[in-house]
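Written below as structure tokens is the structure these notes are about.
The values are calculated or read from the model by the stated rules, or taken from the named source; none is laboratory data. All figures in this text were calculated on a predicted structure; none of them were measured in a lab. Glycine also receives a Cβ, built like all others from the backbone with ideal geometry; neighbour counts cover every protein chain displayed.
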Amino acid sequence: MEEKIREVLANSSGAPFLFVGSGFSRRYLGLEDWGGLLSRFCEGIKDFEYYLATADGDLPKAASLMAQDFHHHWWEDEKFANSRQVNKAFATGVSSALKIEISNYIRDINFSERLDKDLEEEFSVLKSLNVDGVITTNWDLFLEDIFPEYKVYVGQEQLLFSNPQSIAEIYKIHGSVEDPHTLVLTEEDYREFYRKNPYLVAKLITIFIEHPIIFIGYSVSDPHISALIFEIASCLAEEKLDSFSKNLIFLKRSSGTGDAVETVNFAREGRSVAATVVKTDDFSKLYRVVAENRRKIPARILRYCKEQMFELVRSSDPQTKMAVIDIDDLENKNDIEFVVGVGVAENRYAKAEKVAAEFADSGYSGLERKDLFRDLLEDNSAYEGEKVLLNVYPRLRRFGIFHPIFRYLRSAGIDSVEALDASCFEDAKVAFARLRGKSLAYNSYKGSFELNHKSKTAQQIVDELGAEKATMYLAFLPPEQMPNDWLREFLKSNFDHEFRDPYGFTFNKLMCLYDLRVYGF
């Protein structure tokens, strides 16, 4: 089976895109199917079976009927009083209330708690995939959790009026719970979605031709998927259909019947499109084949390059900047239009390490970021600030932006930007410049924070979500809701906990927030 998958993938020069449906979240998190999700919100109104029968089994139509009754229920029932207070300004249509409550429910799902323990190994292989991007009809935030560095486009509107690069991106074509208005839920939503579908197809057609598309969580008989496939096929010349067909791969459970690779044909209006169906109960077999195609350059950086090349060519501004930097120093694109000269500057790093060696003292040359984070939480530092800045920072610069710096600047007598500029700590100047102005909160979660946690204390958020997931929200809190003493104890008590990504990343940001609050200038 693996060899057949390799043959299919070898037909395309591009890395795969994943096309993810609701079965994906059901597999790993045990979430409900669409009918199960809707039935959860029928308390206080009619049974879900009533709406489904009235709609002749049409789920979007059932959702429309249900939204009508839920609208009145939501505005009148005391059970939703708090939600109304927070969200009433956003409830601008009959379906708004249902979408708001569905979003609240899904947004609060704790992925680490819900993840199927029997699939942890398979899931770890999935997280390692360096795919070019993900297209999904799912509303939840699970894919953002799996690929935290990918840029997210929500809904048709955002995708149509943006400049996606088809690399390191997630296209949530049916909306996201981050913005309930974007959910494609009701019959009316689907009607509007299909009205704009030709424009969406125009955006996706190049992806479908140049990349293998791996469908996960969909049935091969899903009418929405077959409609999209034929929308794209209708735009292609006959000679292109064969290569288009070879790019379509459906991953399907074999339900104990053994591994197999089959072909399924879609036929409509005289046109036929074939697709490969991979049947297995162990999805990691396909994931591992995909993972064999490893990039030396992360997808997120390739997207930056591609995006900024376009901006540079398009720009008529003679002041457009170009920066030649090391790939290890690239964390964001705020000041960069394009990146050239991707490589390893061995000589410069060798020189930096030679200088550091001259100052090395008492084991400073062996200190790592985690040592500094641990030291940050102690009453008295075990290290001399000047030696940390001279010996440790030349190496730390290569490993991201977020390091403790203010405590050691203070210890070295640096208490202002002017004092730092006048100092000899060149690596600290670079680290400070890179950190300055960066958000210490996970901005894609700001909407969720505003809707659900803005009025809570830090301890209330931790009690509700658990320490790991709470790291996504705590950095949004002002000092009066998260005092420095509380933050220090939280960081100390969880310091040795191995948070999985992206929670380890947001935990490090909280460490930097503590450093800034207590020692910053």
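Residue-by-condition table, conditions (1) of a type in the set (A, V, I, L, M, F, W, C); (2) under 18 Å from Leu372 (Cβ atoms):
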position	(1), (2)
Ser439	no, no
Leu477	yes, no
Met482	yes, no
Leu487	yes, yes
Leu513	yes, yes
Checklist line | For Thr182: the one exception among (1) at pLDDT 90 or above; (2) touching a Leu at 6+ places or on another chain (Cβ under 8 Å); (3) over 26 Å from Arg6 (Cβ atoms); (4) among the β-branched types (Val, Ile, Thr) | finding: (2)
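Taking the stretch 255-277 as the search range and keeping residues that are of a type in the set (S, T, N, Q) and not in a loop (DSSP other than H, G, I, E, B), which one is nearest to Phe230 (Cα to Cα)? Steps first, please.
If we filter the stretch 255-277 for residues that are of a type in the set (S, T, N, Q), which is where we start, we get 255, 257, 263, 265, 272, 276.
Within this subset, residues satisfying the condition of being not in a loop (DSSP other than H, G, I, E, B) are 263, 265, 272, 276.
Numbers: Thr263: 17, Asn265: 12, Ser272: 9, Thr276: 16 Å.
The residue in question is Ser272.
Of these, Ser219, Ser234, which one is more than 17 Å from the chain's Cα centre (by Cα) and more than 26 Å from Ala63 (Cβ to Cβ)?
Details: Ser219 fails: more than 26 Å from Ala63 (Cβ to Cβ).
Result: Ser234 is the single residue among Ser219, Ser234 that is more than 17 Å from the chain's Cα centre (by Cα) and more than 26 Å from Ala63 (Cβ to Cβ).
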Note to self: Take the conditions modelled with pLDDT of 85 or more and of a type in the set (D, E, K, R) and apply them to Lys252. Does it pass?
What the structure shows: yes
Margin query: For the stretch 23-48, which positions are touching a helix residue (DSSP H, G or I) at 6+ places or on another chain (Cβ under 8 Å) and either in a helix (DSSP H, G or I) or of a type in the set (Ser, Thr, Tyr) (or both)?
Written below: Phe24, Ser25, Arg27, Tyr28, Leu29, Trp34, Gly35, Leu37, Leu38, Ser39, Phe48
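From the list Asp427, Asp485, Asp515, which one is free of Cβ contacts under 8 Å to residues at least 24 places away in the same chain and farther than 23 Å from Tyr150 by Cα? So that I can check it myself, show each step before the final result.
Working: Asp427 fails: free of Cβ contacts under 8 Å to residues at least 24 places away in the same chain; Asp515 fails: free of Cβ contacts under 8 Å to residues at least 24 places away in the same chain.
Testing whether each residue is free of Cβ contacts under 8 Å to residues at least 24 places away in the same chain and farther than 23 Å from Tyr150 by Cα leaves just Asp485.
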Margin query: So Ala81 passes all but one of these: (1) over 30 Å from Thr280 (Cβ atoms); (2) surrounded by 14 or more Cβ atoms within 10 Å (Cβ to Cβ). Which condition number does it fail?
Written below: (2)
